[in-house]
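The values are calculated or read from the model by the stated rules, or taken from the named source; none is laboratory data. This is a predicted model, so every value here is computed, not measured. Methodologically, a virtual Cβ is constructed for each residue, glycine included, from the backbone with ideal geometry; neighbour enumeration extends over all protein chains shown. With ligands, DNA and RNA removed, areas are computed over all heavy atoms of the protein, side chains included. Shrake-Rupley method; radii C 1.70, N 1.55, O 1.52, S 1.80 Å.
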Amino acid sequence: MNSVGLYIHVPFCLSKCPYCDFYSVKYDEHTAKEYIKAVKRNISAYNGVKFDTVYFGGGTPILLWREISGLLTDIGGMIDNDAEITVEANPCCTDKESLDSLYKSGVNRISFGLQSSDDNELKALGRRHNAAMGEKAVKLAFNAGIRNISADIMLGIPKQTPDSLRETLRRFTSLPLNHISAYMLKIEPGTPFAAQRLELPDEDGYADIYLETVSLLGQNGFKQYEISNFAKSGFECRHNLKYWRCEEYIGIGPAAHSYYNGKRYAVPRDLAGFIADNLQETYITENDPADLEEYMMLRLRLSEGVDINELHRLFGIEKAAVLSRLSELPPKLYRRKGDIISLTPEGFLVSNAVIGILTNI
Amino acid sequence: MANNDYLSKIRNFCIIAHIDHGKSTLADRILEQTQTVAKREMEEQILDDMELERERGITIKARAVRLKYTADNGEDYIFNLIDTPGHVDFNYEVSRSLNACEGAVLVVDASQGIEAQTLANTYLAIDQDLEVIPVINKIDLPSAHPDEVKEEIENVIGIPAQDAPLISAKMGINIKAVLEDVVKNIPAPSGNCSAPLKALIFDSYYDSYKGVIVHVRIKEGTLRVGDKIRMMATGAEFTVTELGYMGATQLVTSDVLLAGEVGYIAASIKSIGDTKVGDTVTLAEFPADEPLAGYRNVNPMVFSGIYPADGAKYADLREALEKLQLNDASLSFEPETSVALGFGFRCGFLGLLHMEIIQERIEREYNLDLVTTAPSVVYKITKTDGSTVYIDNPTNYPDPSEIAVAEEPMVKANIYAPADYVGNIMELCQQRRGVFKDMKYLDQTRVELHYELPLNEIVYDFFDSLKSRTKGYASYDYEISGFVPSKLVKLDILLNGEIVDALSFIVHSDSAYPRARKIAEKLKDNIPRQLFEIPVQAAVGGKIIARETVKAMRKDVLAKCYGGDITRKKKLLEKQKEGKKRMRKLGSVEVPQEAFMAVLKLDE
């Protein structure tokens with residue numbers, strides 16, 4: 001049997017950041033323990049399944065480091081020996097003890113929500129850490145023995161300047177990181193940021209920031225492998241790649257999403273319900289996933305791109321039709337190497353419009 | 001029954017007023033007071049039964065109703081109240097409605113006084129020899145100044161107004177005085193029941209069961225069910241299947257209509273084109289020698305291309321236009337093709353309001369999304385070979401080398417406003433190439449300005465501009481005065497280097513540069529960024545005179561994708577695709593419908 005990915009949504013935070021619309025509640029120890037029991041129940045139900053990637057996302061999973069360490073020991077038999085096991089962490093809640101414990105129980109990848117190395121920008125984002133704390137946390141993780149460390153960078157933070165972004169990139173690339181995710185700040189409806197009048201970059205501003213980030217990270221050995229993700233060679237996130245390559249993953253926890261047994265489904269955003277139910281409730285979000293649009297949408301996010309022959313094999317689409325659509329695009333948006341089509345950074349920036357044209361077959 | 005006594009108990013009248021002075025509300029009160037409509041059936045403005053009329057608070061088409069009134073003298077009277085449209089676009093219909101009456105109740109707002117259409121409609125009534133009886137409405141308003149308004153009526157219109165009833169139609173105050181005035185001051189109709197039939201058509205509409213229902217005023221003669229009738233202008237003949245009177249909420253059948261009466265005829269008439277307003281109905285076997293005076297064919301003055309937003313709905317659009325035409329003979333349309341917009345129709349309207357109403361009704365009642373081109377007027381072109389053509393579509397405008405003389409239609413415009421705004425109004429009229437004729441003081445604070453203006457300058461947004469420059473106080477009214485030679489050029493718009501025929505229009509050469517610059521700017525703002533840079537250019541005779549650029553799109557991405565929630569992303573993409581469907585693809589450029597309309601609103 002093929003191994004699948006395992007995503008565990010840990011919906012606890014100490015406080016809510018004003019731009020975030022992910023599902024989380026205020027951390028308390030008792031609920032957290034109940035929650036982990038429910039996670040264990042649910043994972044155990046997949047008896048016989050082997051996981052080759054495990055990803056604790058949140059929320060702030062590191063808050064539950066004790067419980068996560070225990071869980072990994074308990075379900076160890078279901079996890080491949082060479083599995084990638086990631087825990088998301090915020091610098092404010094990370095210390096030597098937690099990192100040592102996680103490392104010992106098998107965690108080999110930490111993803112830090114650093115966002116910036118400018119203290120004013122961190123404050124604007126409502127983060128609980130400052131730049132020094134962020135750098136210290138990365139070093140602690142490295143010293144604990146974890147060699148696969150990722151950091152998030154936020155692009156387009158209110159008051160971010162080209163200079164402050166360059167400084168953040170300079171400082172991040174001098175840390176022992178081998179993976180960086182760079183996300184553009186998006187104002188989600190219903191968040192406190194949505195209610196404020198923030199001074200944000202315009203379309204051209206965002207595009208300039210993004211292109212400069214791609215270029216600077218590339219110069220420092222972080223190769224772009226997805227719209228928002230950059231890694232040193234061999235450190236691409238195996239778990240996230242499953243999303244883009246239409247591979248299977250099981251999601252556990254409130255608001256977690258799964259793609260398993262040919263269906264996409266999700267768990268309701270309800271922690272109490274998740275704890276109370278013996279097995280988590282799910283609802284189907286898509287009965288027939290992995291159609292042409294989805295395939296293109298996901299594949300074109302990756303630098304490895306789309307193979308025209310695969311489009312023919314999977315969807316019966318003629319090569320000529322694809323090439324004819326391709327000819328409608330400005331050449332600077334894509335690369336073509338033989339039968340492989342991939343987007344350039346400029347192309348990634350307008351990927352919605354590009355996908356719209358390429359799937360109009 | 002050889003005697004004509006019944007005539008002395010009939011009063012045929014209409015109500016005339018400026019828009020919003022309370023004409024329809026007064027009509028409602030009259031229906032209520034004569035108990036033609038039971039209170040519980042009473043809806044506001046019952047005569048305006050089109051949804052759009054209710055919303056806009058205007059009367060689009062004339063309607064008529066028969067009421068019974070017991071006067072203070074103890075006698076029962078039959079009132080035929082004819083509701084008339086209040087807008088300049090429908091002037092001819094107004095004049096025919098008036099012609100069906102012997103008198104008119106003139107409603108004047110006690111706080112506003114005389115306005116453009118008060119005068120225009122009063123003059124129309126006087127032209128038809130009607131007895132005009134003034135009524136001062138809205139006396140309940142704190143700003144009412146009825147004495148000055150009375151004086152204004154006497155000075156400006158020249159009819160006695162000292163005894164005019166002071167009423168509030170809204171509050172139902174003093175309505176009875178109006179009814180008594182109608183009995184006393186409006187003459188009874190005259191006519192001879194034995195003379196050859198002459199019935200004036202003043203309105204018609206299509207009923208899906210009975211065919212066209214024609215509203216008539218019998219001027220002479222008698223009409224019975226089974227009679228064979230002839231329309232004197234069109235020559236069409238029909239057999240009367242039903243006739244009767246218009247009750248407020250339903251038709252009341254009768255066997256006969258006599259001279260002096262107002263009623264309806266049904267005769268299995270399929271096309272409203274056979275029942276032209278102003279035409280005379282007579283008996284096929286006993287025809288009148290001469291039709292009634294005053295009939296004319298109404299010509300549309302404003303033209304615009306109407307296209308379905310979704311090209312596949314072309315047949316639906318045709319059906320909608322055909323159905324609307326059943327009730328509106330003044331709407332004309334013929335198929336046209338645009339390179340940019342595909343198959344559509346060139347439609348002719350009486351004026352701008354008429355155009356807006358038709359467009360809105362198509363969208364609302366037939367659920368069709370439309371793309372409409374800029375309204376155009378008719379140009380008269382004398383070619384170098386001596387032939388004359390009338391051009392209502394800029395696309396067909398001849399090459400300048402073939403044009404000997406180009407002429408454009410002019411209007412005589414009367415503008416009424418408080419004297420404080422004269423400067424603003426003159427500035428606007430000058431911008432619109434107006435020629436000042438004269439100015440009169442109506443009283444110490446209000447003036448009447450006369451301008452001659454090119455119709456082409458007022459079809460876009462003249463009234464809106466006039467309103468905004470006079471804080472909404474100005475009113476205006478116009479009549480077509482004929483063609484005059486003019487320096488006209490055709491302005492083409494190019495998107496991505498290709499002419500978009502649907503955006504071309506005719507403009508005076510002096511306005512070509514500013515207009516071109518503004519339109520290029522407007523289009524730039526209304527066309528969303530796309531993967532390519534799009535040059536927006538305006539050209540006259542192949543020479544580019546303005547240019548803007550829609551920059552290439554740089555960001556359109558769903559960057560964050562979290563915890564494998566792929567479905568949400570996909571939905572966002574699908575939503576984007578839906579949005580694209582509402583755009584028109586012109587060559588390689590996606591143009592939203594708003595862009596076509598945006599080019600019209602230049603005075604912002």
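Taking region B:276-313 as the range and being on the phi > 0 side of the Ramachandran plot and open to solvent by less than 10 Å² (accessible area, probe 1.4 Å) as the test, only B:GLY278 passes.
Counting only strands (runs of 3 or more DSSP E) that sit wholly inside region B:359-459, those with at least 2 residues that are closer than 23 Å to B:SER511 by Cβ and open to solvent by less than 10 Å² (accessible area, probe 1.4 Å) are B:379-383, B:403-418, B:446-454. Here the helices (runs of 4 or more DSSP H) wholly within region A:198-289 that include at least 1 residues being of a type in the set (D, E, K, R) and over 25 Å from A:MET78 (Cβ atoms) are A:203-219. Of the numbered criteria (1) touching a residue at least 24 places away in the same chain (Cβ under 8 Å); (2) farther than 28 Å from A:VAL25 by Cα; (3) surrounded by fewer than 20 Cβ atoms within 10 Å (Cβ to Cβ); (4) facing chain B (nearest Cβ under 9 Å), the one A:ALA207 fails is (3). A:ARG301 passes every criterion in (1) closer than 14 Å to A:VAL354 by Cβ; (2) among the charged types (D, E, K, R); (3) at pLDDT 95 or above apart from (3).
Only one of (1) touching a His at 6+ places or on another chain (Cβ under 9 Å); (2) at positive phi; (3) not hydrophobic (A, V, I, L, M, F, W, C) is not met by B:PRO454, so which one is it? It is condition (2) that B:PRO454 fails. Residues in region B:555-573 include none that are farther than 30 Å from A:ASN229 by Cβ and either open to solvent by 20 Å² or more (accessible area, probe 1.4 Å) or touching a Cys at 6+ places or on another chain (Cβ under 8 Å) (or both).
A:TYR334: within 12 Å of chain B (Cβ to nearest Cβ) and open to solvent by less than 60 Å² (accessible area, probe 1.4 Å), yes or no? Answer is yes for this residue.
Taking the listed residues B:ASN192, B:ASN185, B:ASN137, the one that is modelled with pLDDT of 90 or more, of a type outside the set (D, E, K, R), surrounded by 23 or more Cβ atoms within 10 Å (Cβ to Cβ) and in contact with an Asp or Glu (Cβ under 7 Å, 6 or more places away or on another chain) is B:ASN137, with no other qualifying.
With the checklist (1) modelled with pLDDT of 90 or more; (2) polar (S, T, N, Q); (3) surrounded by 24 or more Cβ atoms within 10 Å (Cβ to Cβ) in hand, flag the one item B:SER97 doesn't pass. Only one criterion is unmet by B:SER97, namely (1). The residue that is nearest to B:THR567 (Cα to Cα), counting only those in region A:270-294 that are buried (at least 16 other Cβ atoms within 10 Å of the Cβ) and away from every other protein chain (no Cβ under 11 Å), is A:THR282.
Scanning region B:567-604 for residues that are at pLDDT 85 or above and either over 18 Å from B:ASN526 (Cα atoms) or within 13 Å of another protein chain (Cβ to nearest Cβ) (or both) returns B:VAL589, B:GLU590.
Kindly list the number of the only condition in (1) open to solvent by 60 Å² or more (accessible area, probe 1.4 Å); (2) touching a residue at least 40 places away in the same chain (Cβ under 8 Å); (3) away from chain B (no Cβ under 12 Å); (4) under 26 Å from A:LEU155 (Cα atoms) that fails for A:SER233. Result: A:SER233 passes all but (2). Close contacts from region A:167-195, counting a first residue that is within 12 Å of chain B (Cβ to nearest Cβ) and a second that is of a type in the set (Gly, Ala, Ser) and part of a strand (DSSP E or B), with Cβ to Cβ under 8 Å and a gap of 6+ residues or different chains, come to A:SER181/A:SER111; A:SER181/A:SER150; A:SER181/A:ALA151. When restricted to residues that are over 24 Å from A:LYS16 (Cβ atoms) and either outside the structural domain of A:PRO18 (by TED's automatic domain parsing) or in contact with an Asp or Glu (Cβ under 9 Å, 6 or more places away or on another chain) (or both), region A:128-160 contains 4. Where helices (runs of 4 or more DSSP H) fall wholly inside region A:307-361, the ranges with 1 or more residues that are over 24 Å from B:LYS571 (Cα atoms) are A:308-315, A:319-326.
Which ones in region A:337-361 are at the interface with chain B (Cβ under 9 Å from one of its Cβ atoms), free of Cβ contacts under 8 Å to residues at least 24 places away in the same chain and either open to solvent by less than 10 Å² (accessible area, probe 1.4 Å) or under 22 Å from A:SER215 (Cα atoms) (or both)? Across region A:337-361, the qualifying residues are A:VAL350, A:ASN352. For A:TYR183, the requirement of being at pLDDT below 95, in contact with a strand residue (DSSP E or B) (Cβ under 9 Å, 6 or more places away or on another chain) and open to solvent by 30 Å² or more (accessible area, probe 1.4 Å) is met. The single condition from (1) farther than 27 Å from B:TYR77 by Cβ; (2) aliphatic (A, V, I, L, M); (3) assigned to a strand (DSSP E or B) that B:ALA120 fails is (3).
When B:PRO418 is tested against (1) over 26 Å from the mean Cα position of the chain (by Cα); (2) within 27 Å of B:TYR123 (Cα to Cα), exactly one condition is not met: (1). Quick check, is B:TYR295 aromatic (Phe, Trp, Tyr), touching a residue at least 24 places away in the same chain (Cβ under 8 Å) and over 30 Å from B:PHE505 (Cβ atoms)? So B:TYR295 fits the description; yes. For region A:210-224, the set of residues classified as open to solvent by less than 50 Å² (accessible area, probe 1.4 Å) and more than 14 Å from chain B (Cβ to nearest Cβ) consists of A:LEU216, A:LEU217, A:GLY218, A:GLY221, A:PHE222, listed by residue number.
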